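Down below is the structure, laid out as structure tokens.
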Amino acid sequence: MSGGACLMETYYAVIGDPIDHSLSPLMHTAGYRALGLEAKYLRFRVSRDQLKDAALGLRSLGFAGWNVTIPHKEAIIPYLDELTPAAVAAGAVNTVKNAEGRLIGHNTDGEGFIRAIAESVSSWQGKTAAILGAGGAARGIALALKEKGVRLIILNRTPGKAEELVRLLRAGGGEACAEELAAGAWLSEADLVVQTTPVGLRGEPYPLSLQGIKKGTLVVDIIYKPWQTPFLREAQDLGCRTMNGLAMFLHQGALAWEFWRGEKAPLAAMWAALVEEKERMETSVEGKFPRENIALIGFMATGKSSVGRRLASALNWEFIDTDEEIEKVSGLSVAEMFQRHGETRFRSEETLVLRRLGRVRHCVIATGGGMVVNEENRRLLAERALIISLYAPLDKILERVGDRAQRPLLRGPRERLEALWQARQSVYGQADMIVDTGELDVDGVVREILKELPKRATDARQQGQMEPGGEEDGQAADP
């Protein structure tokens, strides 16, 4: 393989953020095994500011190709050397091929979608489809449906993007219009409804009711994990036929395989792996939780973020760090927010983050050490998650901490820190489960949690939630 470092095996990957939910490695690896291929498929979390380095790095390392998922399908384009007609038409790329060091972007959304629903549509003639969203996936799907002669209704929270897609469809001879993202006549007109946005990836409800939709309408959510989003549950309750994104995901993967390797993909083996994983997830330990998420609490430097990421990966769940969510919204680091606005503002931001999480499902949530100081935060966490407290002795915490400038709490004397650590133990102690991380590495902590989860989950169901009372701290903070 040229165009980069010489690798003994052929390497592929998927990049995105979030990425822990992706089943691409499992699906493609099943295909490689079925054909006896010497190939590996990896998964990389890549933030927006890392995207250029990631694209150039994968090329330099000699990766033969990679998939691109949210939020990079459009942002990846400037770092590519060439686009296929499908990618140009969609204005988005979900598949990249490294052809002798030349990066070629392709889009399999449209064709993957058509293949996925082909058995559910007897005829395309006279059909109307409503597309929710106007991003890269929506464009690919809409253009493919246009080629089938389907009338299209585009709904998006940003009207300008919906109008832009409508103009693109009309320019190609399609019949299309834009509607406000609200209930309307389109609900009774649509024969097919396709939800293309990330809403529901964390189990949150879609901000639009389907009341008024025709019974029997085919409703598709291109999210495949969770297997049934709140959007699809509502559609099913209203008498619609529903389909998640798993079949589309399969066909997208098969099309990527063909683009990279120039040969047909082993569909049966890839689909069997996906179905097996779906069944495993439905019967595994996470299905026994009385609450559908896990929240990690505890003093700073007890390992909440590192353990949370590893635990989420082990469970195939999403990972959310509340401090990172605050930083994304505010544009400030935690230390900067404390310096500029003080602890009161930070605590209010923590509460807003928990409220925004809404009905998330299958997420591991790492919290700031002082989040449970607030009574409402304790209530919100208890409603949404099985709560696990990570404990470490104070000396171990001080040993683990590196840059004190990034920890507002450490700027005070040790005596105040020790008093705060001691006072918070009563709140941390109300968790459903407590794990001592003092002498364990990250993998050891995760193993301990996974071993105890079934029993602790049952105990939590029987015993209820964290008590609302506890420490009130208006002096220092543990971000």
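The table below gives the values:
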| read-out | value |
| --- | --- |
| Percent breakdown of C-alpha pair distances by 10 Å bin, ordered from the shortest bin, for the stretch 327-382 | 21, 56, 22, 1 |
| Per-q log10 I(q)/I(0), the stretch 111-244, q = 0.12, 0.19 Å⁻¹ (Debye; single scatterer per alpha-carbon; no solvent) | -0.40, -1.09 |
| Residue-wise HN-Hα coupling along the stretch 364-376, computed from phi with Karplus coefficients 6.51, -1.76, 1.60 (Hz; x: Gly, Pro) | 9, 10, 8, 9, x, x, x, 4, 6, 4, 7, 4, 5 |
| Residue exposure sequence - 155, 35, 218 - by fewest surrounding Cβ within 10 Å | 35, 218, 155 |
| Equivalent ellipsoid semi-axes, the chain, via Cα gyration tensor eigenvalues times 5, rooted, Å | 41, 27, 22 |
| Long-range lysine pairs (8 or more apart or interchain), the stretch 111-244, Cα under 24 Å | 11 |
| Shape box of the stretch 78-185 [Cα atoms, principal axes, largest first, Å] | 51, 33, 22 |
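Quick note: the coordinates plus some simple rules give every number you see, no bench work behind them. Keep in mind that this is a model prediction, so the values were computed, not measured. Virtual Cβ from ideal backbone geometry, glycine too; neighbours counted across all protein chains shown.
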